[in-house]
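Visitor: Once you've had a glance at the structure underneath, I'll fire off some questions.
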Ligand SMILES: *Cc1c(COP(=O)(O)O)cnc(C)c1O
C-alpha cells in the first residue's frame with residue numbers, strides 16, 4: 001500500500017482510518033458519544049491538557065470527525081482542517097478568525113450570497129469595514145487595500161459567472177504586507193485547484209457540494225496550517241460550536257470514496273456540454289472557465305486542472321416566460337439551487353428575488369446549469385429539445 005499521504009487513492013480509501021482500533025472494520029465507525037470517560041483522575045487531567053486533539057467532549061473532538069479532518073487536510077495539502085455544520089459556518093469561522101473591530105476586508109465581487117451578507121453587513125455590526133473589488137484584474141484588489149486591511153477574500157472562480165483571480169499575484173502581494181488570504185474553493189473541489197500550493201493561507205469549502213456529493217448533507221470545511229487551525233478551534237469552533245454530527249461526518253467520508261470519479265465525470269461532461277451549447281443558434285453566450293472563448297482561459301488553464309461541473313448560459317429568449325418555458329421543458333435537469341450532487345440541475349436567474357443584490361447583477365435570460373453524473377449525451381438531447389421550444 002502506498003503510504004504517501006498525498007497519494008489521492010490512499011487519502012480517499014485509507015488515510016486516518018485506524019482499523020486496528022475498531023475490529024478491522026472496513027467502514028469507519030460512527031462514534032455517537034457526546035463525551036468520553038477516563039480510567040483515572042490523572043488520565044482525565046492529562047487528556048484535558050489537549051482537549052482539542054483527543055476524545056474528551058465531542059464539540060471539541062469526535063473520532064469519526066477526526067478521520068474526515070485528516071482526509072480534508074491531505075486533500076488540500078495543508079497541515080490540519082476543521083469540519084463545520086455548513087459551508088457558511090466554515091466561511092464565517094474562517095473570516096472571524098482573522099478580523100477584529102476596526103479592521104478592513106477586501107472581497108472579490110459577486111462572492112457566494114451569504115458570504116456577501118457576512119462581509120458587507122454582518123461584520124459591520126462589529127466595526128469591520130469592507131470593499132468589494134473586481135478581481136479579474138488584480139490591480140483592483142491592490143487598489144482597494146488600505147492600511148487597516150487584514151484580509152483578502154477570494155472565490156476563484158465564483159459559482160455563477162466564473163470570473164477568476166490571478167491567485168499567485170494576489171497571495172504574493174498579501175504575504176509581503178502581512179495580509180491573510182482566504183479562498184472559497186468549492187467550485188474546483190480539492191482536485192481541480194490546489195490553493196495552498198498557490199500560497200493561499202486558508203481554504204474553505206461548502207462540503208455540501210462536491211466533497212459530500214450526494215445532496216444529502218449540509219457541511220463545510222476549513223483547511224490551513226496547524227497554527228491557524230488550533231487558534232480557530234480554541235476560538236470560533238469551540239465558542240460558536242457549529243460542529244458537524246458524527247452521522248453526517250460518516251456520510252462525508254463515504255462521499256469522498258468516489259470524489260475523483262464524480263469530479264472527473266461532472267467536469268468532463270460540463271466541458272462537453274459547454275462546447276455544444278456555445279455553437280447552438282439559440283444561445284447568446286456560455287460562461288465557463290475552460291472555454292477558449294473565455295477571456296480568462298489562459299489563467300484558468302494555468303491555475304486549474306479542469307473546469308468544474310457548473311456553467312451559465314444566456315439564451316436568445318424574448319421574454320421571461322420564454323425562459324420559464326425552456327426550464328419547464330427540461331426533463332433531466334431538476335429546477336433547484338445548490339449543486340455538486342449526482343443529479344443535474346437548472347437554476348433560472350428569473351426565479352430569484354429581483355431585490356437581492358445578486359440577481360440585480362445578473363441577466364434575466366441566464367440560467368446556471370449543474371452537470372451531474374448522468375450520461376452527457378442524454379443531457380445534450382434534453383437541452384436540445386428544450387431549446388427548440390424557444
Ligand atoms: C453552497 C455554497 C456555499 C455555502 O455552503 P452551505 O454548505 O450551503 O452553507 C458557499 N460557497 C459556495 C461557492 C457555494 O456554492
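Please treat every number below as a calculation from the coordinates, not as lab data. These figures come from a predicted structure and were not determined experimentally. In this analysis, Cβ positions are derived from the backbone assuming ideal geometry, glycine residues included, and neighbour counts consider all displayed protein chains.
Visitor: Taking only C-alpha pairs under 8 Å that are 6+ residues apart, what is the relative contact order of the range 1-134 in percent? Display every interim value, and only then the final one.
Guide: Numbers: 127 pairs, mean separation 23.5, N = 134.
So the answer I get is 18 percent.
Visitor: Taking the Cα atoms only, what angle lies between the long axis of helix 63-75 and the longest principal axis of the chain, rounded to 10 degrees?
Guide: 50 degrees
Visitor: Against the longest alpha carbon principal axis of the chain, how many degrees, from 0 to 90 and to the nearest 10, is the axis of helix 167-177 turned?
Guide: The angle comes out near 50 degrees.
Visitor: Distance between Cα centroids, the range 5-82 to the range 255-288: provide it in whole Å.
Guide: The distance from the Cα centre of the range 5-82 to that of the range 255-288 comes to 36 Å.
Visitor: Kindly state, as a whole number, the per residue volume in cubic angstrom of the convex hull around the alpha carbon atoms of the range 316-374.
Guide: Cα-based convex hull of the range 316-374, divided per residue, equals 83 Å³.
Visitor: Next up: In nm², what is the average projected area of the convex hull enclosing the Cα atoms of the chain?
Guide: Hull-based average projected area comes out at 20.5 nm².
Visitor: Follow-up. Taking neighbour counts of Cβ atoms within 10 Å as a proxy for exposure, in what order, fewest first, do 370, 23, 126 appear? Don't jump to the answer; show the numbers that get you there.
Guide: Numbers: 370 25, 23 7, 126 12.
Fewest-to-most Cβ neighbours within 10 Å comes out as 23, 126, 370.
Visitor: Can you pull the Kirkwood radius for the range 16-151, inverse mean 1/r over Cα pairs, to one decimal in Å?
Guide: Here the Kirkwood hydrodynamic radius works out to 18.2 Å.
Visitor: For 215, 196, 40, 27, which order do you get if you count the other beta carbons within 10 Å of each Cβ and list the fewest first?
Guide: Working: 215 18, 196 21, 40 8, 27 12.
If I rank by nearby Cβ atoms, fewest first, I get 40, 27, 215, 196.
Visitor: Consider just the alpha-carbon atoms of the range 189-284 and return their Rg together with their Dmax, both in angstrom.
Guide: Expressed in Å, the Cα Rg and Dmax of the range 189-284 come to 17.3, 56.
Visitor: Take the Cα radius of gyration of the range 244-390 and divide it by 2.2 N^0.38 Å, with N its residue count; two decimals is plenty. Numbers along the way, then the final one.
Guide: Numbers: Rg = 16.1 Å, N = 147, 2.2 N^0.38 = 14.7 Å.
Ratio of Cα Rg to 2.2 N^0.38 Å: 1.10.
Visitor: Which angle from 0 to 90°, rounded to the nearest 10, does the C-alpha axis of helix 246-256 make with the longest principal axis of the chain?
Guide: 50 degrees
Visitor: When only C-alpha pairs under 8 Å and at least 6 residues apart count, what is the relative contact order of the chain, in percent?
Guide: Reported as a whole number, the value is 16 percent.
Visitor: Using Cβ contacts closer than 10 Å as the measure, can you line up 247, 214 from fewest to most?
Guide: Least to most surrounded, the residues fall as 247, 214.
Visitor: Could you work out how far the C-alpha centroid of the range 218-252 sits from that of the range 311-390, in angstrom?
Guide: Answer, in whole Å: 34.
Visitor: Another question, then. Of the beta bridges DSSP finds with both residues in the chain, what % are antiparallel, to the nearest 5? Walk me through the numbers before you get to the answer.
Guide: Numbers: 24 of 42 bridges.
Of those bridges, close to 55 percent are antiparallel.
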